[in-house]
Amino acid sequence: MKSQIKRSMKFSLTIAVITFVLAAIFSIISSSILSDVIWIIGLLIVLVIVLIGVVFDMLGIASTAASEQPFHAMAAEKVPGAKEAVIIIRNADKFASFCNDVIGDISGIVSGTASAIVVLQIAELFGQGEGSTGQITLSVVLTSVVAAITVGGKALGKYFAINASTNIIFFAGKTISIIERRLKIKVLPKNEKQYNKIK
């Protein structure tokens with residue numbers, strides 16, 4: 001029990017640090033980009049950030065819903081991505097935590113910040129100063145639209161995650177396989193004994 005608590009605390013601390021770093025990076029990048037583009041491009045960037053959150057939320061749910069059995073035969077035939085798919089499913093709790101809690105939540109926070117910048121740009125375009133009725137109205141409308149797209153997108157994503165979990169995780173496995181093979185970046189935790197036993 002103590003060892004499990006220690007592992008859980010270590011993972012939670014790691015996730016917290018990763019979240020802090022990624023949130024800072026995404027916020028700096030998005031703010032820097034948005035400050036140099038027109039409002040319509042800024043709006044598209046906000047939608048892209050929301051889409052990233054929706055996609056990763058779907059990946060996290062799919063990892064908990066998928067079964068590893070369909071991938072065993074593919075792994076035995078050395079189909080690229082099959083072993084990675086099995087590893088994702090066997091580590092579904094950590095994978096889902098990263099996708100849903102780290103990327104998903106960061107996307108929500110960053111999209112909110114980005115929306116505020118876009119609102120200010122649009123308000124200035126129409127001669128509405130900060131705190132004016134027009135600026136506040138724009139803020140409420142854009143925030144509501146972003147929230148609606150986020151919630152609606154995640155609801156749709158959950159449907160696909162549950163009903164097409166095998167295909168989604170296989171796609172994720174193939175993507176990770178390509179990244180690890182070509183860029184030599186370790187994405188998934190691989191216990192060599194367990195990894196070699198996947199058939």
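A compact table of results
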read-out: Complete set of residues in segment 140-180 that are more than 20 Å from V55 (Cβ to Cβ) and either in contact (Cβ under 8 Å) with a residue 24 or more places away in the chain or under 16 Å from the mean Cα position of the chain (by Cα) (or both); value: L142, T143
read-out: Check on I109, surrounded by 15 or more Cβ atoms within 10 Å (Cβ to Cβ), over 15 Å from the mean Cα position of the chain (by Cα) and farther than 28 Å from P70 by Cα; value: no
read-out: Count of residues meeting criterion [closer than 23 Å to D101 by Cβ, open to solvent by less than 50 Å² (accessible area, probe 1.4 Å) and not small (G, A, S)] in segment 13-44; value: 3
read-out: Options L138, L59, L120, L125: the member that is open to solvent by 70 Å² or more (accessible area, probe 1.4 Å), on the phi < 0 side of the Ramachandran plot and of a type in the set (A, V, I, L, M, F, W, C); value: L125
read-out: Selected residue [in contact with a helix residue (DSSP H, G or I) (Cβ under 9 Å, 6 or more places away or on another chain), open to solvent by less than 80 Å² (accessible area, probe 1.4 Å) and at pLDDT below 85] from K199, K190, K154; value: K190
read-out: Top-ranked residue in segment 167-187 [being open to solvent by 80 Å² or more (accessible area, probe 1.4 Å) and not in a helix (DSSP H, G or I); ranked as nearest to V86 (Cα to Cα)]; value: K186
read-out: Residues (surrounded by 17 or more Cβ atoms within 10 Å (Cβ to Cβ) and over 22 Å from R182 (Cβ atoms)) located in segment 71-90; value: I89, R90
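Every residue, every condition in (1) in contact with a Ser or Thr (Cβ under 9 Å, 6 or more places away or on another chain); (2) of a type in the set (D, E, K, R); (3) at pLDDT 90 or above, yes or no:
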{"position": "V46", "(1), (2), (3)": "yes, no, yes"}
{"position": "V54", "(1), (2), (3)": "yes, no, yes"}
{"position": "E68", "(1), (2), (3)": "no, yes, yes"}
{"position": "A73", "(1), (2), (3)": "no, no, no"}
{"position": "K78", "(1), (2), (3)": "no, yes, no"}
{"position": "R90", "(1), (2), (3)": "no, yes, yes"}
{"position": "A96", "(1), (2), (3)": "yes, no, yes"}
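The values are calculated or read from the model by the stated rules, or taken from the named source; none is laboratory data. The structure displayed is predicted, hence computed values, not measured ones. Don't worry about glycine lacking a Cβ; one is built from the backbone with ideal geometry, like all the others, and counts go over all protein chains shown. Just so you know, the surface numbers come from the protein's heavy atoms only, side chains and all, with ligands and any DNA or RNA stripped out. Shrake-Rupley method; radii C 1.70, N 1.55, O 1.52, S 1.80 Å.
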